[in-house]
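S.K.: Handing you a structure now.
The values are calculated or read from the model by the stated rules, or taken from the named source; none is laboratory data. What you are looking at is a predicted structure, and each value in this text was computed from that prediction instead of being measured. Neighbour counts run over all protein chains shown; Cβ positions are idealised from the backbone, glycine included.
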Amino acid sequence: MAYTRKEIIAKYMSKKALDYLKSNLDNLLNELKIDAKKVNFSYINFGTAVEPYVKNHLVKIFSKGGFVKNKSDYKESKDKNEFPDFILFSKPPLILEIKTGNRFSKNDGGWEECKNSENDMGTLNSWEAKLKKFGAENIYYILIEYADKGDGLDVIKVSVDNFYKYLDLNKDGFLRYREKDGNLRPKNFTATPKINTIKQFMDLLGETNKYRAKRLVKKHLNSLPEKEKKELLADLMK
């Protein structure tokens, strides 16, 4: 398929905006470090409280790069429940979702350094609609790693990449998720990406949905009394 000059330029502008953001991650990190000293952030509220600051810095970065000239060039989410957190209306749009992770976890013995923040990376059931609406290759995560042991918060790293590169796999080779709600889980902070293409993610998404469905059926089926179990199995065989 041949692309017009206009289409080629539009796609280049989207990549150029992403590259510009990546080149300014150190500046974003420094700004967030300053914010953390001024604001009463903590591991309890950081994931939500930091978002307005990140969005504000994104507008400044993209404005300086010439990608934002007025408010119609971008959109910010209304609240935590709206996806994505930030859209830059390049062509195609650059979809940015903000994620955070604490390098320390609290347990009965106190605080200890951890390899994984176990934060939410989107539910299994939500991804098909997101990909259809925004385009798989247009969605990126901004991961803000911080250190907080309950005695003060420091932002230590900011990265941006395709959303699927932050995801983890379980021991059976499927997408790793939380049992009760299907929330996907992240890879370890320092681990290399286990998913490197959108095709790999799409294949895993379909297989993981089937894997989870079978596990849920078995789990709930085994919780039924024997009579109801036999009746349900007979009904399913019709």
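Here's the yes/no breakdown for (1) among the small types (Gly, Ala, Ser); (2) out of contact with any strand residue (DSSP E or B) (no Cβ under 7 Å at 6 or more places or on another chain); (3) surrounded by 14 or more Cβ atoms within 10 Å (Cβ to Cβ); (4) at pLDDT 95 or above:
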site	(1), (2), (3), (4)
GLU82	no, yes, no, no
PHE86	no, no, yes, yes
SER90	yes, yes, yes, no
LYS106	no, yes, yes, no
ALA136	yes, yes, yes, no
VAL160	no, no, yes, yes
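S.K.: Might you check whether a residue that is part of a helix (DSSP H, G or I), modelled with pLDDT under 95 and touching a Lys or Arg at 6+ places or on another chain (Cβ under 7 Å) occurs anywhere in region 53-74?
M.R.: There is no residue in region 53-74 that is part of a helix (DSSP H, G or I), modelled with pLDDT under 95 and touching a Lys or Arg at 6+ places or on another chain (Cβ under 7 Å).
S.K.: Give region 92-104 a look and list any residue that's in a loop (DSSP other than H, G, I, E, B) and modelled with pLDDT of 95 or more, or say none.
M.R.: Selection gives ARG103 alone.
S.K.: Could you tell me whether region 186-200 includes any residue that is under 14 Å from the mean Cα position of the chain (by Cα), within 25 Å of ALA49 (Cβ to Cβ), part of a strand (DSSP E or B) and modelled with pLDDT of 95 or more?
M.R.: Checking region 186-200: at least one residue is under 14 Å from the mean Cα position of the chain (by Cα), within 25 Å of ALA49 (Cβ to Cβ), part of a strand (DSSP E or B) and modelled with pLDDT of 95 or more.
S.K.: Moving on. In region 75-87, which residue that is under 17 Å from the mean Cα position of the chain (by Cα) and in a strand (DSSP E or B) is farthest from LEU18 (Cα to Cα)?
M.R.: GLU76
S.K.: Restricting the first residue to region 19-45 and requiring it to be under 15 Å from LEU58 (Cα atoms) and in contact (Cβ under 8 Å) with a residue 40 or more places away in the chain, which pairs with a second residue that is among the basic types (Lys, Arg) and surrounded by 13 or more Cβ atoms within 10 Å (Cβ to Cβ) meet a Cβ separation below 8 Å and a spacing of at least six or different chains?
M.R.: So the pair list comes out as LEU29/LYS157.
S.K.: While we're here: Return yes or no: is ASP181 under 30 Å from LYS38 (Cα atoms) and either modelled with pLDDT of 95 or more or not basic (Lys, Arg) (or both)? Steps first, answer last, please.
M.R.: Numbers: under 30 Å from LYS38 (Cα atoms): no; either modelled with pLDDT of 95 or more or not basic (Lys, Arg) (or both): yes.
When the stated conditions are applied, ASP181 does not pass them.
So that you can scan it fast, the table gives a plain yes or no per residue for (1) touching a Ser or Thr at 6+ places or on another chain (Cβ under 9 Å); (2) among the hydroxyl-bearing types (Ser, Thr, Tyr):
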site: SER90; (1), (2): yes, yes
site: SER105; (1), (2): yes, yes
site: TRP111; (1), (2): yes, no
site: CYS114; (1), (2): yes, no
site: GLU118; (1), (2): yes, no
site: TRP127; (1), (2): no, no
site: GLU137; (1), (2): no, no
site: TYR141; (1), (2): yes, yes
site: LEU153; (1), (2): yes, no
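S.K.: If a residue must be crowded, with 17+ Cβ neighbours inside 10 Å and either among the polar types (S, T, N, Q) or closer than 30 Å to LYS16 by Cβ (or both), how many such residues does region 108-127 contain?
M.R.: Filtering region 108-127 for residues crowded, with 17+ Cβ neighbours inside 10 Å gives 116-117, 121-122, 124, 127.
If we keep only those that are either among the polar types (S, T, N, Q) or closer than 30 Å to LYS16 by Cβ (or both) too, we end up with 116-117, 121-122, 127.
Here the count works out to 5.
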